[in-house]
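The values are calculated or read from the model by the stated rules, or taken from the named source; none is laboratory data. The shown structure was predicted, so the numbers you read here are calculated from the model rather than taken from an experiment. Heads up, the Cβs are rebuilt from the backbone with ideal geometry, glycines too, and the neighbour counts pull from every protein chain shown.
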Amino acid sequence: MSTASLNTPTFTLDGVEIGFVAGQTVLQAATRAGRYIPHLCWHEEFPAHGSCRLCGVKVGGHMVCACTLQAAADLEVESNTDELNGQRKKLLQMLFIEGNHFCPSCEKSGNCLLQATAYAMGMEAPHFEEFYPDRPVDASHPDILLDFNRCILCALCVRASRDVDNKSVFAIGGRGISSRLLVNSESGTLADTDMTLQDRAATICPVGVILPKRRGFAIPIGQRRFDLQPVSEPGPGERP
Ligand code: SF4
Ligand code: FES
């Protein structure tokens, strides 16, 4: 089935024609057409970051990130294949063991992009040995809790705080396996910043790191976004 209309340039995604406008990436055009390509660090409000690699697709036999690949007429893009989904599952398993992700006790369960993507990729167990890193939470701020145990280093909070809130409350420090989310304040704690609940950075985290206090279960478990529909179905604002 084609999602393109006459005179719109198209590429194919797993054999389906996708229309696009100049300047869109493959991930943007696919999402606008209601087609799912797994992703974690991409968000439609921000330029692509290209760090999580979940959106890896094949074009002409080569791996490329769909979030940074410019859509072009007649591209033939493969995404939903056993090979690519198997690689995505491994990336997810590595993310799960690198942090401390205990979904049953996490108040973001059901609204968490990592959890929902793991379900979509058929991940049933972490497979690798857990790291169990020691990452204390920061409960210093009166309205916002930071649980660093769940950070997947997507840098969305860094981008939101810097580019939307003009505050640069967050940064990513270290390299490779030592990379960590940092709070930009003298004490290193959130209470020592000017972050507020109204900041875009307060609601952008796709997992359960940046949490407004006293609201955790306002929407009961079982009635949350990914409880009601899988991540592979278009969410609000993503419908064609
Ligand atoms: Fe991404 Fe959340 Fe970690 Fe920020 S705190 S880098 S938004 S996972
Ligand atoms: Fe493309 Fe993360 S969504 S690399």
- Assess whether LEU211 counts as being touching an Asp or Glu at 6+ places or on another chain (Cβ under 7 Å), in contact (Cβ under 8 Å) with a residue 40 or more places away in the chain, part of a loop (DSSP other than H, G, I, E, B) and farther than 18 Å from HIS39 by Cα. no
- (1) within 13 Å of CYS157 (Cβ to Cβ); (2) of a type outside the set (Gly, Ala, Ser); (3) out of contact with any helix residue (DSSP H, G or I) (no Cβ under 7 Å at 6 or more places or on another chain): which one isn't true of VAL207, the others all being true? (3)
- Message: It is to be established whether one or more residues within region 2-23 are under 16 Å from the mean Cα position of the chain (by Cα) and at pLDDT 95 or above.
- Response: no
- Message: Checking LYS108 against (1) within 16 Å of ligand 2 (Cβ to nearest atom); (2) of a type in the set (Lys, Arg); (3) within 29 Å of ARG180 (Cβ to Cβ), only one condition comes out false. Which one?
- Response: (1)
- Evaluation of PRO136 against (1) in contact (Cβ under 8 Å) with a residue 40 or more places away in the chain; (2) surrounded by fewer than 20 Cβ atoms within 10 Å (Cβ to Cβ); (3) not aromatic (Phe, Trp, Tyr) (one fails), failing number: (1)
- Message: Being more than 17 Å from the chain's Cα centre (by Cα), part of a helix (DSSP H, G or I) and of a type in the set (A, V, I, L, M, F, W, C) is the filter here; which residues of region 135-190 pass it?
- Response: VAL164, ILE177, LEU190
- Message: It is to be established whether one or more residues within region 116-126 are of a type in the set (Val, Ile, Thr), part of a strand (DSSP E or B) and under 21 Å from the mean Cα position of the chain (by Cα).
- Response: no
- Query: Restricting region 24-61 to residues that are within 13 Å of the chain's Cα centre (by Cα) and of a type in the set (Gly, Ala, Ser), which is nearest to ligand 1 (Cβ to nearest atom)?
  - Reply: SER51
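Here's the yes/no breakdown for (1) more than 20 Å from GLU233 (Cβ to Cβ); (2) buried (at least 19 other Cβ atoms within 10 Å of the Cβ); (3) not aliphatic (A, V, I, L, M):
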| residue | (1), (2), (3) |
| --- | --- |
| GLY34 | no, no, yes |
| PRO47 | yes, no, yes |
| VAL57 | no, yes, no |
| GLY60 | yes, no, yes |
| VAL64 | yes, no, no |
| ALA71 | yes, yes, no |
| GLY86 | yes, no, yes |
| LYS90 | yes, no, yes |
